[in-house]
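Quick note: the coordinates plus some simple rules give every number you see, no bench work behind them. For clarity, every value in this text was computed on a predicted model and none was experimentally measured. Here the Cβ is made from the backbone with ideal geometry for all residues, glycine too, and neighbour counts use every protein chain on show.
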Amino acid sequence: MAELELLQMLIDGQWCSASDGATFECIDPSTGIPWALIPEASHADVNRAVEAAASALEGPWGEMTPKGSRLVNTNISGLSIANVSPLILSAAPAKKCKYSAI
């Protein structure tokens, strides 16, 4: 069996593994075969993420108008959509791309 890709989570602008190293297998539903290991966030990881989100609200993001934050999110989603095909192709067979395209 091929070695599974170890993915990370993004907390407070930093890519990281679960603080206790715990992971779980991500299963490809079209084949039933695991394709990656995903960090299993602990309570400490969740608390760090919540604290990071709360502190983000104390800066410019929290002072932004709804229209301003919508424009930022729209720009971010546009960047994500523009890069989704290479990401899908690097992690999954072509069959999945057909159903994963946005």
Response to the item:
Sorted by chain and then number, the residues having a modelled amide H within less than 5 Å of the amide H of residue 11, at least 5 places away or on another chain, are 16
Worksheet item: If you place +1 on the Cβ of every Lys and Arg, -1 on the Cβ of every Asp and Glu, and leave all else neutral, what size is the dipole of region 1-49 about its Cα centre, to the nearest 20 Debye?
Response: 120
Item to complete: Scan around residue 20 for amide H atoms under 5 Å from its own, H built in the peptide plane at 1.01 Å from N, and keep only partners 5 or more places away or cross-chain.
Response: 42
Worksheet entry | Neighbourhood net charge (12 Å Cβ-Cβ; Lys/Arg +1, Asp/Glu -1) for residue 19 | -2
Worksheet item: Can you give the extra length, in nm with one decimal, that the chain gains between residue 9 and residue 43 once fully stretched, where that is 0.36 nm per residue apart less the Cα-Cα distance?
Response: 10.8 nm
Practice prompt. Multiply the residue separation of residue 55 and residue 74 by 0.36 nm, subtract the distance between their alpha-carbon atoms, and state the gained length in nm to one decimal.
Written response: 4.6 nm
Discussion item. Apply the Karplus curve 6.51 cos²θ - 1.76 cosθ + 1.60, θ = phi - 60°, to the phi angles in region 21-37 and return the couplings in whole Hz, x for Gly and Pro.
Written reply: x, 5, 9, 9, 7, 9, 9, 6, x, 7, 10, x, 9, x, 10, 7, 9
Discussion item. Using Cβ counts within 10 Å as a stand-in for footprinting exposure, how do 12, 45 rank, fewest first?
Written reply: 12, 45
Discussion item. Using each residue's phi in region 51-68, evaluate 6.51 cos²θ - 1.76 cosθ + 1.60 at θ = phi - 60° and report the 3J(HN,Hα) Karplus result to the nearest Hz, with x for Gly and Pro.
Written reply: 4, 5, 5, 5, 5, 4, 6, 7, x, x, 4, x, 8, 6, 6, x, 5, x
